[in-house]
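Enquirer: Shown below is the structure under consideration.
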């Protein structure tokens, strides 16, 4: 597994495992049962992956634009 991919999974697992007990038992954001925790995990993963994919595709577009600019500058010179 590439290093950057491992860092993504570490961040996901650490963030989920830290915020789950805080939001579940300390802040009472969900029912204290299986469905409450399952719903929290599903929402957490959905939001996490939505943000991750949004950033990924935005950065990919910026890199392609930069590469196209570099190629056009090298052709013109």
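Quick note: the coordinates plus some simple rules give every number you see, no bench work behind them. Computed from a predicted model, the values in this text were never measured in an experiment.
Enquirer: Taking the chain as the reference, fit the longest principal axis to its C-alpha atoms, fit the long axis of helix 34-76 to the helix C-alpha atoms, and give the angle between the two in degrees, 0 to 90, nearest 10.
Expert: With both axes taken from Cα atoms, the answer is about 10 degrees.
Enquirer: Cα axis of helix 3-21 to longest principal axis of the chain: angle in degrees, 0 to 90, nearest 10?
Expert: 30 degrees
Enquirer: Computed over the Cα atoms of the chain, what is the convex hull's projected area averaged over all directions, in nm²?
Expert: Dividing the Cα hull surface by four gives the mean projection, 7.0 nm².
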